[in-house]
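Worksheet for the structure shown next.
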Amino acid sequence: MNHKLEKVRIGIIGLGYVGLPLAVEFGKQYTTVGFDINVKRIAQLNDGIDTTLEVEPELLAQAERLSFTNDIERLRDCNVYIVTVPTPIDKQRCPVLTPLLKASETLGQVVAKDDIVVYESTVYPGATEEDCLPVIERVSGLEYNVDFFAGYSPERINPGDKEHRVTSIKKVTSGSTPEVATFIDTLYASIINAGTFQASSIRVAEAAKVIENTQRDVNIALINELAVIFNRLEIDTEEVLQAAGTKWNFLPFRPGLVGGHCIGVDPYYLTHKAQQVGYHPEVILSGRRINDGMGAYVAGQLVKQMIKHCIQVQDSRVLILGLTFKENCPDLRNTRVTDILKELADYDIAVDVHDPQVDPQEAQDELGVRIVETPVAGTYDAIILAVAHREFVELDVQKIRSWGKPAHVLYDLKYALPKGAADLRL
């Protein structure tokens, strides 16, 4: 292998929340081809439009050496490939490697001698070398670490976060040989202002990624459990956390719904692999059960509060503000707000959802949820502030309450409203 940065031609496979920002940064310095099977997505990007809102039009324009395509043949001229496709879970919470394996099949059709394939998608330790690379070998007829090489550099994208972007977050890198590892690290270091950390192996880099969000998941589960306890003790959880937070080493986690493509998914990749090698994780799965149950808990708390206010539950109407998995972001992947919708439906409660960040058609197609563009005043028996979008935080509390009937319950899940403004907080 004799790669040099000045001869690098990069192919990015997958142009979602992870792939597009990465492609833009590489496209400022290197000839870069962004590939995605979504024809509509490619057309939008060619028009300078990013519907994920991760990359502004002016930043897209700065990537002068970046082009977009859904034509596999356009990838043949590349010699470094970076895979950034989703790695979801199924209804049984088992890893779904289908997008990753299909991307590997695609690469098997174009990869050539001495090329390098780098995976960024979150996986369990061993997936790159045990699951993905054999697919490339089978399709291409090339031998791993003889004819082509590989690496793993876990993505650290935080959707909706305009402060922590791809270039300002330290990047973990790894490679299948010492020479390849050094080259991959140097390549990423050329665009990552925050610097890089070269892991000793691909498996170490994979493991590092999967525990980042597992650690956060377990910590949030603890705070969620504490919130349940404090609610029973009639103690305000936020006040407790503010008091405890005065200690220098107290971690500032807050209770809430845990969704998205990372925190609510990654732990299941690790537990899946652990169970394959004969170990049943207790702490991780316990945290997952707590966090997965928060939607039902929220619905139950709302119903109890409605009863206390002498509001008839059956056939009542509830407005939920926010559908995305986090604030100020249009991302609907693995949103747990839908858990609240399902639970309330079991009580025969009619639910409307209002979210100015969401594409109404996407919400309908992906989740079967109809978005209400403008809530009607005086309509709802209860209102849940589920996602703290800036549009909601900036609203006057009276405006939010105006959507409710004279007797209604306002539930603030995100501590987004001033203390005392809501009837119920998580």
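For the stretch 383-426, rounded, prolate or oblate, judged on the Cα gyration tensor with a ≥ b ≥ c (square roots of eigenvalues), a/c < 1.5 rounded, else prolate if a/b > b/c?
oblate
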### Message
Counting other C-beta atoms within 10 Å, and keeping those with at most 15, which DSSP coil trypsin sites (Lys or Arg not before Pro) do you find in the stretch 240-313?
### Response
K247
#### Entry: Global geometry of the stretch 40-104, whether rounded, prolate or oblate, following the gyration tensor of its Cα atoms and the 1.5 cut on a/c
oblate
### Query
In terms of modelled amide H atoms, which long-range or inter-chain residues lie less than 5 Å from the amide H of T31?
I10
### Query
HN-Hα J couplings of the stretch 369-382 from phi, Karplus 6.51/-1.76/1.60, θ = phi - 60°, integer Hz, Gly and Pro as x?
10, 8, 8, 8, 5, 9, x, 8, 4, x, 9, 10, 7, 7
### Task
At 24 Å minimum axial length over the Cα atoms and a Kyte-Doolittle cut of -1.0, report the qualifying DSSP H helices in the chain, or say none.
202-232
### Summary
As a percent rounded to 5, the proportion of antiparallel DSSP bridges among beta bridges in the chain is 5 percent
### Task
Could you tally the net charge around T128, taking each other residue with its Cβ under 13 Å from the Cβ of T128, Lys/Arg +1 and Asp/Glu -1?
-3
### Task
Name the long-range amide H neighbours of V118: under 5 Å, sequence gap of 5 or more, or other chain; modelled H, no Pro or chain starts.
Y81, I82, V83, G151
### Message
Compute a Gaussian network model of the chain, connecting alpha carbons closer than 10 Å, and tell me which residue from A377, A363, A299 fluctuates the most.
### Response
A377
### Query
For the stretch 241-367, rounded, prolate or oblate, judged on the Cα gyration tensor with a ≥ b ≥ c (square roots of eigenvalues), a/c < 1.5 rounded, else prolate if a/b > b/c?
prolate
### Message
Per residue of the stretch 74-88, what does 6.51 cos²θ - 1.76 cosθ + 1.60 with θ = phi - 60° give for ³J(HN,Hα)? Whole Hz please, x for Gly and Pro, Karplus curve as stated.
### Response
5, 7, 4, 7, 7, 10, 10, 10, 10, 9, 10, 8, x, 10, x
### Query
Using alpha-carbon positions, what is the distance between the centroids of the stretch 133-188 and the stretch 346-396, in Å?
39 Å
### Query
Of the cross-linked pairs K308/K399; K102/K326; K4/K113; K326/K399, which ones have a Cα-Cα span greater than 19 Å in the structure shown?
K308/K399; K102/K326; K326/K399
### Distance from the stretch 292-316 to the stretch 62-103 (C-alpha centre basis), Å
42 Å
### Query
Mind checking which lysines have their C-alpha under 19 Å from K171, skipping anything on the same chain fewer than 8 residues away?
K28, K162, K209
### Message
Can you give me the long-range amide H partners of Q198? Hydrogens built in the peptide plane at 1.01 Å from N, cutoff under 5 Å, separation of 5 or more residues or another chain.
### Response
T173
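Rule-based calculations on the coordinates, nothing more; no lab input. Owing to the predicted nature of the structure, the values given are computational and were not obtained by experimental measurement. FYI the Cβ positions are ideal-geometry reconstructions off the backbone, even for glycines, and counts take in every protein chain you see.
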